[in-house]
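For reference, the structure discussed in these notes is given below.
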């Protein structure tokens, strides 16, 4: 009979650990959290020092019963993850199983290897209440914010919204960046490049010309100029490897190199960790253990030779890095591939290469800078070259750029140009956030921790505040001037370039704009960047035992709760960015742009008046802030009568929740990307014919009784519009008679209707 019970968080982790422990140990999983604040209600006694009420999660009651049975007459070892969340899980397990935290053996390990497990078993400790308190403080504070702030948004903005201490700050970052981009004034200038005949030497002018006139004048001067090499500066350089991965740098690099989302990266890393292939994946430390450094050294010297090895220990930038004590690395450097599928293998390879490279020698290269004088101008041309002399760490990570080798040149040498070109360019606005760059920004600001980045980014997308999208950009005409030595004539041409195209960027929705403005105006201190970072530091201080969590929560709540009360006096019109555009010239009714149930919209007439107001969709591309009265008046002309079908049915164009459409009888047809104000009768009829063809292909058979056999996404089925009957694959739907179809429909089970029982308060 086993004498010890080890409880971990996941079945995969339990399976791996069981391999390293003898027959005296039984390893079970808690399947993550087993207790939490109940979903309904605050469940925090504000008057009683913010005491929380925890319940065992409904889907974990069976797990707890099984763990209680397994723990009977056994020594319990709690082996949940080593961060604060893992410590809280261990503490909740003590409560659920009826064992004392101060008497329970708590073991932690940064990697799931035989050595790490055996070392942990030899040095157990008790549950660290300070870490538990830090996690409790985070959970309670987030519940207070969500519970009190979300209902305010329901009343003032839109039902069903949610707010969060970190998620609302993340949304604010994205909204403010989008506004910076929108307000960016794009200015053009001219980049001047030259191709010299001597060895096809390429160079770029040291400054850019502000306008076309300056660029033309420069090229005119170049016709009679003498170009001479003023200096050649050659010097050796080095390129050092980056530190091994932390959670955020892994997310950023996996996004850049592998195209993985933040959530995807963390899911794959979790599996690699639980299988014993990598160290713990939630960390903000860049430190490697002495054992890992030695293992990397042995592998590098064996595979590449002593010249490629250099011991490095990176200092962690974050002074409060304590979620784990080591960077993310492979548990075995000699294992170059690991993972149960291609994605896991790709991520493992990235982690393996980055960690190994951190212990390798710098890459050595020669850099050459050539300055070329222009006899009749003050500007100079500059040519740069780079030659890799020793690849060092680039042998395993990063890859070297192709060598840019300059021809043999001498100081004072005169050069003859083949082509001098002036190309119009535009200054770029700030870059939109990707998931990875948002993580980097949150980390820079000290907001959130390794365990919170992925859930935060997933939440703001799931709540409809942010969309991850590819941007097509816009086509712009640019001017290019060419001066060739062969004819000494400046030739101007026009080229089309795509500006602003991007992939996988986070775009705020109109809902994000409205919600952010409301929160900034009424709860500015709560979603302030510095304040949010200060709260994170307070959690660190609780974990270190320098402050008590109740005092920290009380100080926050005493400032926060009055703001909630004050916000009740804010009118809905004020909170939803209602903007008056002017009056309708014919009806004299006021026209306004505001946020409605389904997003931004236009309203004509007062809501409180006896006459019901009219509503219209926003013009394509317009926002509440920039829509004009003229645009609004055009939208109120919808629905527009486009014409009629051959059989005399009206065709009307309009804009709805899902974009522009035409409606014929009761048939709605999307007309994207057509403009409902401009779509022609010919175009509308073409779309109508296509839709009718699609509808015809949809039906296999149509009977006069109203019963039809239809092609569905999961195969053919019979329907009368109220009830459906799926067909077996052995039945040919084209040969069914109306009577057979009717019989099969009658025999098909009816859809079960869910009964909702209203609970009365006792």
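Add -39500 (n - 2.57) for each DSSP H run of 4 or more in the chain, then divide by its residues: what number comes out at 222 nm, to the nearest 500 deg cm²/dmol? Let's see the in-between values first.
Values: 20 runs with 257 residues, N = 762.
Result for the chain, helices only: -10500 deg cm²/dmol.
Would you mind ranking 451, 334 by Cβ crowding within 10 Å, fewest neighbours first?
Fewest-to-most ranking of 451, 334: 334, 451.
Determine the gain in length on full extension of the stretch residue 230-residue 426; use 0.36 nm per residue of separation and subtract their C-alpha separation, reporting nm with one decimal. Before the final figure, lay out the partial values.
Numbers: separation 196, 0.36 × 196 = 70.56 nm, distance 3.05 nm.
Extending this stretch completely gives an extra 67.5 nm.
Sorting 82, 740 on the 10 Å Cβ count, fewest up front, what's the list?
Working: 82 21, 740 12.
Lowest count first: 740, 82.
Could you tell me the center-to-center distance, by alpha carbons, between the stretch 425-452 and the stretch 130-155 in angstrom?
24
Need the C-alpha centroid separation for the stretch 501-522 versus the stretch 201-264, integer Å.
32
Residue 650 to residue 503: FRET efficiency via 1/(1 + (r/R0)^6), r the Cβ-Cβ distance, R0 41 Å, to the nearest 0.05? Walk me through the numbers on the way to the answer.
Working: r = 42 Å, r/R0 = 1.03.
Between residue 650 and residue 503 the formula returns 0.45.
FRET efficiency for residue 204 and residue 558, Cβ-Cβ distance as r, R0 = 56 Å, nearest 0.05?
After rounding to 0.05, the efficiency reads 0.40.
On a full-extension model of 0.36 nm per residue, what is the gain between residue 390 and residue 291, subtracting their alpha-carbon distance, rounded to one decimal in nm?
Full extension from residue 390 to residue 291 adds 32.9 nm.
Multiply the residue separation of residue 608 and residue 696 by 0.36 nm, subtract the distance between their alpha-carbon atoms, and state the gained length in nm to one decimal.
Contour length minus the Cα-Cα distance gives 27.0 nm.
Could you list 440, 106 so that the one with the fewest beta carbons within 10 Å of its beta carbon is first and the one with the most is last?
The most exposed by this proxy come first: 440, 106.
If I take R0 = 22 Å and measure r between the Cβ atoms of residue 571 and residue 40 in this structure, what FRET efficiency does the formula 1/(1 + (r/R0)^6) give, to the nearest 0.05?
For R0 = 22 Å, the calculated efficiency reads 0.15.
Would you mind pulling out the separation of the Cα centroids of the stretch 1-49 and the stretch 83-125, in Å?
10
In nm, to one decimal, how far is the modelled label at residue 335 from the one at residue 379, with both set 7 Å along Cα→Cβ?
About 5.8 nm, to one decimal.
Describe numerically, in nm with one decimal, the distance between label points set 7 Å from Cα along Cα→Cβ at residue 367 and at residue 723.
Here the answer is 8.0 nm between the modelled labels.
What distance in nm separates the simple spin-label points at residue 730 and residue 748, each placed 7 Å from Cα in the Cβ direction?
2.0
Laboratory data are not the source of any read-out in this text; all were calculated from the coordinates shown. Small disclaimer: the values here were computed from a predicted structure and weren't measured. Note that we place each Cβ from the backbone using ideal geometry, even for glycine, and neighbour counts take in every protein chain shown.
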